[in-house]
Structure formats: structure tokens, C-alpha cells
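Notes follow once the structure below has been shown.
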Amino acid sequence: MALVRSLRARVVLWVCVALIVLFAATIVGLDIAFRNTADRDRRELIEAQVLGLIALAEPGPGGELRLPTEAIDPRFEVANSGLYGALYDGNGRALWQSLSLLGRDFPADEVAAAGERRHLMLDVPGFPPIEAELMGVTWEDRPAPYTFAIGVSLEPYNDRQATFRNYLIGWFLGVTLTMLLVVSGLLTFVLRPVHRLERQVREVEAGDRVKLTGSYPSELVGLADNLNMLIDTERRRLVRYRNTLDDLAHSLKTPLAAMHTLLSEQRSQPAEDRSDALNRELERMDQRVSYQLRRARASGATGLGTEPVAVAPLVEDLKQTLDKVYRDKHVACSVTVVPGASFRGDPGDLTEILGNLMDNAYKYCAGRVIVKAVSTRERLVITVGDDGKGIGDEFAAQLFQRGKRADESIPGQGIGLAVVRETVELYRGALSVGKSDLGGAELRVELLRAGVL
Amino acid sequence: MRLLLVEDDPNLNRSLATQLEQAGYVVDRAADGQEGLYLAREYPVNLAIIDLGLPKLSGVELIKQLRADGKSYPVLVLTARDRWQDKVEVLKLGADDYVVKPFNVEELLARIDALLRRATGWAQSELVCGPIVLDTRTQEVKVKGQKLELTSFEYKLLEYLMLHAGEVLSKTQITESLYEEDFERDSNVIEVFIGRLRRKLDPEDEYKPIETLRGRGYRLAVARGAPPSG
């Protein structure tokens, strides 16, 4: 069914198939029931006529049986009435044949034994198909039995059956067509919001629309909301990339300009001074490029299509890495992560956030670091504390100054934290600085969990 | 100390090698992973500096190969990738430290120094063997508090002996670690320098710091750490 792309075509196709199967079964069933009834009726008629003839028969003047024609069923007297009768003596000589045979012999040229009832289906040229019964009857002192024969034409029954069948098929075709029309109309009604969604997405794509609007039925609300989120994330990402490129261009061009100037400066300056100045500019460039690249790289995933990232193994990896890097310092790092603490987003982003925080803690601690992660229904809270000197108020204030780019306001060491702050904000979380129980700084990251985004 | 430098950028490779040599190291240079692996298998290396983005055999593969070969010396990774995910991965792989490009040569030297000391069981940058104190950062040597004037090769030799204090070091081992070229191995230079070091460290012939083990090599016989008397 993968070939049938349209929902409407699928539904119509399935309704068609279902109706045809259902109606075919019904038609066959009704047809069989109708025929059975007709067969029984005919059998009863034959039975009644045979018994009727036997009741009418009486010995004539010659001792032979005869049938008083005045008392007989009128259908025996009408040409081709479809009811035929005959009476034979024991030698097969016809004593009586109904007028409806129009002088022809009764189509069955056989006699029945005494007490025998012989049932026949006859198809003889010149006659319509006939169902017949021969009944052998012994009459008083006559040694040979008489045979009473009754034949009933199948034609009227077959005609009735055909009429009934045509009527049934016609009726069911009508019902099927009506159903398809109803289903089709229903689909148009049901699919209207889907078409609206599709149209709106196309408009968003074309730039004629900012987001999906209007109320959607409950089955589509989730889809519409997620699409809006995706559109929003995409737009914010684009804005961020543009800003990053602008910032990067600015960050690179200023030191480049300074270096050009330095190079073209009077040669009077000692080579060492100029080399120092060049080095400073290079360092500035390096710092800015590294900062811009790191903040541009944070993906800020929407939580769509991302698996929850377990916090514990990630913290453990970082701890091992940092233990290796700072092995001469012998830092005692205690990690407490509640089981099941997880993050919805890009694992690289979380590694970056935690890596920077833990690296700072290892760098500035006197010997102890504490990492804790707690997750509630709505948020993931991670704290990293150390027993160092803590973060100065002035630095903290600079770090949290909104709208100020870190590479302009913060010296080299703080860039990691600035990147952390920006990454956390991409996830609409928060970074705060406090005092650790160990006496040093404690950095606290709160991230909203997926679904709450 | 013999370093293996595997870096594919020719300028960085040349300039870095020059500065490492100036700092007293013997440097084997390779421009791709396969050459690096060949050199690592041919020469006794004390530390490898490996760029991650290498042609032919990636840095990651090279480190895996080295570790699979049973080489346990420190590996310092140079990388432009500064994501924490990359750092975690690199150290998990078997590297001992990483330096993110662009880097400061002084910082690189400090990291190399620290890794070499750690590999030989020294935690501080100051190596102390009885009365001999050698500061690997300032390259200053003091005996009983008196500053000692050593030539650059004498210093390299003493540092090598002190880093491996207590171990027997064959002449071949010493020449291979301190000399770049093969042909000098046959000379008696080492014997001459050992003699000079002995005279400078112990002019009164009191504590005989350098032992000669016949047919086996030399050993710094003074125990690590300051003497109990202070």
C-alpha cells in the first residue's frame, strides 16, 4: 500500500474493497436463501399436485382408472401453463395426459414401481427445464401399479431468481456509491486542517508567514507546535550564525588592521618591540577566533530527535580526563549524580558546559572539587564547586552583563564561562555563581527538561 | 631525551623541531602517520608529539597502533579541535595530554617536561638526588647549594641520568636518547662526558654519584630525594 500516496485514495480504496467483499458475500448468501425457498415451494407444489391427482382418480366404466377433467386444477388445462400431469397404467400406457402438454407425451418415458416415488430433473427438447415426480400406486385388485406423473417448469422460478439477483446488485451498487460519496466528503472535511497545515508550512518556507497559526484539532496540535518550535529554532540559529560571522569578521579585521599598521610603521622602532606588538595582536586574534568558534558551535538543539543524554557517564569521563590532565595537582573530585539524571539536547553541548565548569574548578581549586547533578520533573540542576578563592564580584558582574560580548569585556580565562553562559541560554536555562560549601566558587547550571521547552 | 614529532604542516613541523632542539631535545620528525609509525618502531622514543589530523594514518590510528605495539611512553596530542568531547576521546584513547592549536611554545615545552618527569616517576619540576638539585624549568643545577656551570650536553646527560636515577643505562641507550645521528654511537664521547660530569659533581671524590657497571653501562647511584640530614 506504500504505492498509494494520498490519504484520501487510501481510505477510498479500502472502503471500496471492504464494501465489495461485504456485499458480494451478502449477495451470494441472499441468492442461496432465495433459491432454497423457491426449491421448497416447488417441491411442495409437486407433492400437493401428485396427492391431488391420486385423490381425484377413480375407476372408470372399463375398470381402468380415470381422472374427472371437470374437477382438475385449471392449470392442467391451459397451454404451456408450466404444470404438466400424466397417468400411466402398469404397462406404461397413458390413461390421461394434461392439456397443458398440447398433445405431446409427458417428457418422462418411465414408470415407477409400486410405492416408489421417483424424483427427476428433466431437460427435454421442446420443453422448458422441468422438475418432475413419478409416484407408483397399486390400485385395489389391479396387479400392476399406476404411475402418477407431475412436472413443474423451472422457468418462472429461474426468472424470479434472476430478477431478485439483479435487484440486489443494483441496490448494493447504489449503497456503495453513496458510501463512497459520503466517505469522500468526510475526508475532505477531516483533511482540511492537514491541508491548512501544509499550506502554512509552504508559506513559511516561501517566507510569506512567520509561524503556523490558527487552532488545530488535538491530533495535529503536537505536530503544529513542534513545527513551530523547529521553525523558531531554525530562525534563531540563522540569526546566531549571522551574528557570529559579523562578530568574527570584526574580531579578525581589527587585529589584522593593527598588524598592517605595525608592519608599515617606521623601521626606527626596535625589532623586538614590533615583534611583541605583533604577538599581542596575534594573541588577541587567537582568543577571539577561539571564543567565536566555540560559541557558534553550540548546537542548541530543540530536543526534537534527540535522545536523553545520561549525565553520569559524561561527568565520569570528564573527571577521568581532568584527573589525567591535572594529575600533578592530585585533586579530590567527588561526584554525586542522582540516578537517571538526563539532559535533552546535544551531548556535545552538555559536555562543553560541564567540561568548562569542571576544568575551571580543577584549575582554581586548592585540592577539592564537588560535582552534583539533581534532576526533577522539570529541570536538571548541576553544580560544580571548589575550595579555591572564588570568583570576584566584578568578574561575575561582567560575565552576566546582558548583550555584551565576552571577548570584549572578559579576559582570556573567563571565555570558557562566557561560552557556558551562552550555551545554557540557548537551552533557555540559567547559569549562576554562588559560594561553595568548600569555600570557593560554586557554579550552578539549571536546564529545563524536554517538553518544557 | 628523544622526541618523536608527527605534524603534517611543514612550517609548524620545522619551526617546532628547531625550538625543541634548542630546548635540548633530540627530535625525530615525521610528516604523516605512516612515517611516524615507522620512526616510532625504529628509534627508542621517550615521548611522542602527535597531530590528530594527519595524512595516510590519522593521529588517532597512530596512537592506537603505538599502544597496541606496547609503547608506554607519554603521548602529547596537538589538535585544532578544542571541544571537550574531543579531549575526552583523545585521552581515553591512550594519549596523556593535549595542546590545542594555536599554542604557545613555552606551554608546550612545560607540558613535555612534565610528561617526561611523570613518566620517570618525578612529580616536581625540580629533580633532587641527594646533594644534586636540577631544575628542569630554569635548567639550573646546584650541588650542596652551590650553582654548577654545565655545558648544554653535560646538562642533558645529567638530566637524563637523574630522570632515570637508580636505573642502569647502557651507552647505546644514552647515545640514542641524546644524539640524533647514528654514527656517533661508536665514539667514546659518552665516557668522556661521564668523566667530566663526575669531576664537576664530585670534585673531592666524596660520594661517587655515577657508578660504572662493567659491560652494562652507568647508573646514578644517589637515591632520589634530599638526604635525611638535609
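Quick notes
- Stretchable slack from A:A71 to A:L223, in nm (0.36 nm times residue separation minus alpha-carbon distance): 46.1 nm
- Inter-label distance for A:E155 and B:V100, nm, one decimal - labels placed 7 Å from Cα along Cα-to-Cβ: 10.4
- For segment B:74-230, the antiparallel share of DSSP beta bridges with both residues in that region comes to about 75%.
- Lysines with Cα under 27 Å of B:K147, excluding same-chain neighbours fewer than 8 positions away: B:K156, B:K200, B:K208
- Residue-span extension gain [A:R104 to A:A430] - 0.36 nm each, minus C-alpha spacing: 106.3 nm
- DSSP assigns beta bridges within chain A; of those with both partners inside it, close to 90 percent run antiparallel.
- Alpha-carbon spread of segment B:78-221, three principal axes, descending order, Å: 56, 37, 23
- Residue by residue along A:318-330, Cβ atoms of other protein chains within 10 Å of the local Cβ number 4 on average.
- Charge-dipole axis of segment A:223-294 as Lys and Arg at +1 and Asp and Glu at -1 on Cβ define it, positive-most pick from A:Q287, A:M259, A:A224: A:A224
- Mean sequence separation of contacting Cα pairs (under 8 Å, at least six apart), scaled by the length of segment A:9-159, corresponds to a relative contact order of 19 percent.
- Unit charges at the beta carbon, dipole of chain A: most positive-side option, A:Y427, A:T321, A:G60: A:T321
- Distance cut-off 21 Å, percentage of C-alpha pairs in segment A:308-452 lying past it: 40
- Inter-centroid distance (Cα atoms) of segment B:57-107 relative to segment A:367-392, Å: 29
- Members of A:K372/B:K87; A:K211/A:K253; A:K372/B:K101 lying beyond 25 Å, as alpha-carbon distances in this model show: A:K211/A:K253; A:K372/B:K101
- Put in line by how crowded their Cβ is, counting other Cβ atoms within 10 Å and starting with the fewest, A:F343, A:F34 read A:F34, A:F343.
- From its DSSP helices (H runs of at least four residues, each -39,500 (n - 2.57)), chain B gives a residue-normalised ellipticity at 222 nm of -12000 deg cm²/dmol.
- Remark: mean inter-chain Cβ contacts per residue of A:291-297 equal 1, using a 10 Å Cβ-Cβ cutoff to other protein chain atoms.
- Radius ratio Rg over Rh of segment B:15-126, counting only Cα atoms, Kirkwood formula for Rh: 0.93
- The order of A:S184, A:S251, going from fewest to most other C-beta atoms within 10 Å of their C-beta, is A:S184, A:S251.
- Counting only alpha carbon atoms, the long axis of helix A:155-190 and the longest principal axis of chain A meet at about 10°.
- Label positions at A:S184 and B:E89, each projected 7 Å from the Cα along the C-beta direction, are separated by 5.7 nm.
- For segment A:9-159, a Kirkwood radius taken over Cα pairs fed into Stokes-Einstein (4 °C, viscosity 1.567 mPa s) yields D = 74 µm²/s.
- Estimated from helical segments only, the mean residue ellipticity of chain A at 222 nm is -18000 deg cm²/dmol, where each DSSP H run of four or more residues counts as -39500 (n - 2.57).
- The convex hull around the C-alpha trace of segment B:93-132, projected and averaged over every direction, spans 3.7 square nanometres.
- Each residue of segment A:50-55 was assigned a 3J(HN,Hα) from its phi angle through the Karplus curve 6.51 cos²θ - 1.76 cosθ + 1.60 (θ = phi - 60°); the sequence is 4, 5, x, 5, 4, 5 Hz, with glycine and proline shown as x.
- Full extension of the segment from A:A48 to A:R297, taken as 0.36 nm per residue of separation minus the current Cα-Cα distance, would add 79.7 nm.
- Contact order, relative form, for chain A: 9 percent (alpha carbon pairs under 8 Å, 6 or more residues apart, mean separation divided by residue count).
- Per-pair calculated FRET efficiency, R0 = 41 Å: A:Y167 and A:R142 via Cβ, rounded to 0.05: 0.20
- Residues in segment A:413-443 that a label on B:D82 would reach, taking backbone N under 17 Å of a point 7 Å out along Cα→Cβ: A:413-423
- Calculated P(r) of segment A:218-297 - Cα pairs past 21 Å, %: 52
- Segment A:23-74: Cα Rg divided by the 2.2 N^0.38 Å rule of thumb: 1.92
- If you bin all the Cα-Cα distances of the protein assembly as shown at 20 Å, starting from zero, the percentages per bin are 13, 26, 19, 10, 9, 11, 9, 4, 0.
- Segment A:218-297, relative contact order in percent, only Cα pairs under 8 angstrom and at least six apart counted: 41
- Crossing angle, helix A:347-364 versus chain A [Cα axis fit, 0-90 degrees, rounded to tens]: 20
- For residues of B:215-226, the mean tally of beta carbons on other chains within 10 Å: 0
Where a number appears in this text, it was derived from the coordinates with a stated rule and is not lab data. In this text, all values refer to a predicted model and were calculated from it rather than measured experimentally. Backbone-built Cβ (ideal geometry, glycine too); neighbour counts: all protein chains shown.
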